[in-house]
Structure formats: structure tokens, C-alpha cells
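Since the structure comes first, as C-alpha cells, the remarks are kept for the end.
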Amino acid sequence: MTNPASYRPKPGEVPDSPGVYRFRDPQGRVVYVGKAKSLRQRLANYFQPLHALHPRTATMVTTAASVEWTVVGTEVEALQLEYSWIKEFDPRFNVKYRDDKSYPYLAVTMGEEFPRVQVLRGAKRKGTRYFGPYAHAWAIRETVDLLLRVFPVRTCSAGVFKRAGQVGRPCLLGYIDKCSAPCVGKISPEDHRALAQEFADFMGGATAKYVRRVEAQMREAAAEMDFERAARLRDDAGALRKALEKSAVVLPDATDADVFALAEDELEAAVQVFHVRGGRVRGQRGWVVEKVEDLTTADLVQHLLQQVYGGSAELDDDDDGSARAAEAGEQPPREVLVPVEPTDPEQTAAWLTRLRGSRVEVRVPQRGDKRALLETVERNATGALNLHKTRRGGDLTTRSLALQELQEALGLDEAPLRIECYDVSHLQGSEVVASMVVFEDGLPRKSEYRRFAVRGEGPDGRTDDLASMNEVLTRRFRRHVADAARDGELDDQVAPASGPVSGEVQPGIDPATGRARRFAYAPQLVVVDGGQPQVEAAAAALAELGVTDVALCGLAKRLEEVWLPGEDHPVVLPRTSEGLYLLQRLRDEAHRFAISYHRSKRSKAMTTSALDGVPGLGPARRQALMTRFGSLKALRAATAEEVAAVPGMGPATAAAVVAALAGDAPAPALDTATGELVD
């Protein structure tokens, strides 16, 4: 526990300006991020006597070891920077709204040459129009099945689309008129894109004109006595009306709005949002969050809007669509209806307006249809909170009990909030790999998982389990020791209370690359899969590196015994122990992660050819060699002149192939500028 007075900044050091501040723990991790209109006034609130602080705030300031800040020009900039840092550092004391599941969206991939209608989850992509989210994927598919009668847009995967074009025959949907079959040229790319655009416009709320258009075509066909076509159009109009009936009108005048409501108690809060587009409820989402900081309802609304809509800015900036960012945020509608105004309503509205590109209004409805809809959303939030308590009421208690039992059984000074577990996997000593899984507060933290390709010291790379475990622990904690030493040197040069300046190296960031380090920080407990021999091998690795502040144990499979280093007898936990159950979950997760990595490496090794990696030899040339010689054995017996006679092969590449197959030396490198072989 840290004394906040030890890192409290001097009164004149903190500027009286808008900005964002970060609290860090002794290992350099960011544990809390906040923003303020006045940094001086806000930070002063954290350094009151501990008895005057909220219990969660007191825990945060005693966990932290330093505070730093960044001054910005406006409060809107502070809002954006706070959201960016929460996403980047994932502080443990900040409220984070997490979906209780991954909600499906109806997506139209307008960025493709032939747009496709499909159900998507997860991160959003550029060039794709999204509708929803929906509570169930089957609800989307029912709606799509109805609309394909009127808008026969492609729904097949890329593989099915390509195969249909190759054989010149559409799939079943093309034959039953639920796809316009662009794969075989029944419709031009331009007309198919226009059809997809109409589908998207209908889903976006422009429904009346399409219903009127189909009905007018039906009457026209009837007047021309084309009754077969008129009947088909009558069914199409019925399908459109049925699709509209699935989302009843809740707001007049084709209103676009997101309606948020909260239900909360002292420890948790449940959030529900209804997405209303064109006056109809197009989707619903829900979150449940633990209150890890002292927040009012207005603060909760402020953080909620940041995290729901903040990702849309990331989507615009991230050109390559990488998975670095979390799920992209929603596009703000014209109206955002909330139960109470956020902490900074004007700045929040200005920020959302900037994201949307047009005016966004954030307000609390007082009467009428919008107030009635908000009350409906509030009832949903209350029900979600009650259901969450029923389902997970014992979960927090169980996790705390498991950590407490481990603390007592292993003789630890404190509960092991971060636990790392290691397992080794191989097949008769070949393709040796290892895994590291991480549990924090008794739950998996998959972003911190790591896997190792064990190098081994033998001439063929083979190694036994004990040597592999020693190697993996050495590699993991050697990096930790080096990072700790580097951070110690930096702390001697940088005052902990000073704000970051240009070029400053931040703790937890690799100064050589500027990126987050591969290993975040040391655990309180290391668990190895195995008995006394594996534990002693791991203990030897930690002792050699001088790591003394990390506890160690092993879990043997046969009798589920817990082994400690230097002990002749194991610790036997009761079979009903929550601590033992947590260790078993750790062991099983490490085993699963190691096995999956080993299988992928083994599959790759089984499909590797001796010709792979030969400089200058690509797939076309490898195919030409196999066509000419028929087998690798015949190719190995050929001379360099015979290999060079194959079309497309030059003397330098032929010599590289012969040398690679000879096995006497590794394949020589090829100078692409001169064509010469390089030793």
C-alpha cells in the first residue's frame, strides 16, 4: 500500500487548465484515467485524508505510486483524449461497459464490386453499411428472407460466388428468384449495386416509397391483364409489409434516436439502449458494469456515451482495418435521449456533432412518446440488472473465496490478483512449444496470453519437459528483470509528479520501439503444469534471474496435488475447494492453449517442402520442377545443368536448389541485384 502523500504534486506544479491525468502503480501500469476542467482543483480532491474519500477512490490512490497530466486546449479535446487513453491502457479502476454478448448486425458490403447482404458481429469494416444491432441472428435472417423477394441481392460467400462463376451455373437462390445471380452475368454490376442500395435505403427507413412503387407496378400489371406478374408483385408488397410489421413504429416523424436508460445500485449498473431509426426500434443492446470508481449517474452517462460512440473516430482513422482497436463505435443519430444529462452536456454534444458531421442533440425527454419510450427502456434495464444479480450473484464471492483460499494454502502475503500458468506441449520431443495464460481477479485475460516456440540446446532442437520449462520461465522473466531495471533508471531521471513532455519514455512502453511491452508486469503467482520436478525447474530459472517476489507452485494431474518449491510433500486442497477449482481452470486453459499452438506448428511442418525457402524459387518454379522431374527424389539426383534446363530456371537458382537438396549446407542466399550466390 502506497502513501498518497509520497507522490502528491506541489500546489504550484499543477496547472489550472483543462486536461487529462493518469495515475500509475509502482510497476508503471496506468490504473486510472480522468479528465478535468481544472487539473489543479480536480487532483487536489484525490489527496484528502483517506477517511474522507470514497472507499474505491481510497483504494485507487493507495494502489497508485505516481500521477501525471497532459494539458489540452478545450474540454472537448480532454473528452477525446480521455477516451483514447482508456482504450489504450485499459485501467483497472475505470468503469468499462462490456456487452454481455456479441450482438449481430445486418451488413451490406457496399465496398465490394458485387455488394453482399450478411450477418456480421464484432469490429466494423469500412465500406459496409450496418443496421442493428439485433437481439437474435435468426430475426435478421427472417427479415432478409422476406426482403430478398423484392431486392434479390447476393447473399453467398466469396467461395460460392467464385465457383458459380467458374461453372456458369447460379446457386439455388438464383433459380428461385431470391438472388439476381450476378455471378453468371444475369445482372450487370451497376444494376446489382443499385439493387443493394435500394435494399440499404429500405432498411435505413425509406420504406414508404418502395411499398408504393410495388403497389403501383401491381396495378399496372393488372391493368395490362398480366395477372401472373400482378400476383407476384402482390406477394412482394405483402413481404414488405410483413418486414415492416416486425418493427413497430414507436416515435412519429421518422425520428432517428438512441434511447439510453440505467438501473443501478451501490456496486453495479445495468444499461439498456434502444436504437430507433425511422421511428422504428431497429435494435437493442445491454451492458452490466461493476462500479470500480465513485461515479454519479451523470458520470456514468458521460462514460457510456464516450465508449459507445468513441470507436467511430477510430474507424475513420484506421485505414487498414486492423484488429488493434476494439469494436468500432456507433454513428451518433440526430437525437441521443438519456435519463440524466451527462457531466458536460455542451462538450459532449459538440463532440458527437463532430463525429456525425451534423448537429446531434443530447437531452432528457420530459413528456410524450419519447418519455414513454425511455420508461420502457428503464424497465428493461431494471430487469437486466435483476437477472444479472440472479445469475452472477455468487460469482464475485466465489472468485474472492478462491483467491483467499490460495493465499492461505500457499502462505502468500496477499491474494494473487494476477496468476500466470505455463504448460509445455510436444510430440515425442519434436515441435516443442509452451503456453502462458493469465488470470486476473480470477478471470481469464486473453489479451495477455503468450506462446513460446521452445528452441532447445540439442543439435536437433529436442529437449525434455524440465529443460523446456526452465527455458520458458527464463525467457519470460529475463525480459521482466530487464524492463524493471530500465524503469528504475528512468525513475531516477523523471520526477513522478511531472507531466509528460515530448520525447519522454513512459513506464510500460518499450523505449526502443515505442510500443507496449510483450509482458505487462510480473504476476503474484506462477503455476506450472506438473509435479515436483517441473516446479524445481521453474524455481531454478527464477532463482538464476534473482526473482524473489513471485510465488510459485505446480499442479500435478494424477491426484491434483499442489507442489511448492523445496518441499518434499505436496499441499492437498479439498476436492470442493474453490482455490483448487481455480488452479484446475488455469491448468486446463494453459493445456488447451499449448495444444492448439502445437497442432498448428505440426500441421505446418507436415506440409513443408524441402524446396520452401530456397532463394528465388516461387510457387510457379516449384511446380515447373515437379512437372519436369516428377518427384523430389528424382530432383535430388539431378545436376545443376539439368535443373537449369527447366523453363524459367536460371543457373543461380538451379545451383541454390541443388545445394538445398544436397543437405550438406543450408541453402545459399541469392543476391537479387547481381544474381550471384552469397555465402
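What the table shows:
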read-out	value
FRET E, pair GLN197, LEU412, Förster distance 60 Å, beta-carbon r, rounded to 0.05	0.45
Local net charge near CYS421, Cβ-Cβ under 14 Å (Lys/Arg +1, Asp/Glu -1)	+3
Virtual spin-label span in nm between ALA158 and ASP226, 7 Å along Cα→Cβ	3.9
Of all accessible heavy-atom area on the range 1-129, the percent that carbon and sulfur account for (1.4 Å)	48
Hz values of 3J(HN,Hα) by residue in the range 643-650 - Karplus curve (6.51, -1.76, 1.60), Gly and Pro given as x	5, 5, 6, 5, x, x, 9, x
Per residue value of the accessible surface for the range 14-108 (all protein chains in place, 1.4 Å probe), Å²	39
Segment LEU559-ARG475, extension gain: residue separation times 0.36 nm, minus the distance between their alpha carbons	27.3 nm
Heavy atoms of MET218: accessible area, 1.4 Å probe, square angstrom to 10	50
Residue order for THR70, THR59 - accessible surface, 1.4 angstrom probe, largest first	THR59, THR70
Computed lengthening from THR576 to GLU13, 0.36 nm per intervening residue step minus Cα-Cα distance	197.2 nm
Point-charge dipole on Cβ atoms (K/R +1, D/E -1) for the range 138-224, about Cα centre, debye to 20	320
Those residues of the range 151-192 whose amide nitrogen sits under 12 Å from the label point placed on GLU112, 7 Å along Cα→Cβ	153-163, 182-183
GLU88/SER400 FRET efficiency (R0 30 Å; Cβ-Cβ; nearest 0.05)	0.55
Environment charge of SER17, counting only residues whose C-beta is closer than 14 Å and scoring Lys/Arg +1, Asp/Glu -1	0
Net charge over other residues, Cβ less than 12 angstrom from the Cβ of VAL108 (K, R count +1; D, E count -1)	+2
Spin-label pair MET1/ALA624, simplified geometry with 7 Å Cα→Cβ offset, distance in nm	7.6
Pairwise FRET efficiency - GLU346 versus GLU215, Cβ, R0 = 41 Å, nearest 0.05	0.30
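The values are calculated or read from the model by the stated rules, or taken from the named source; none is laboratory data. Predicted model, so just to flag it, every value in this text is computed and none were measured. No Cβ is skipped: glycine too gets one built from the backbone with ideal geometry, and neighbour counts run over all protein chains shown. In case anyone asks, the SASA skips ligands and DNA or RNA and just uses the protein heavy atoms, side chains included. Shrake-Rupley method; radii C 1.70, N 1.55, O 1.52, S 1.80 Å.
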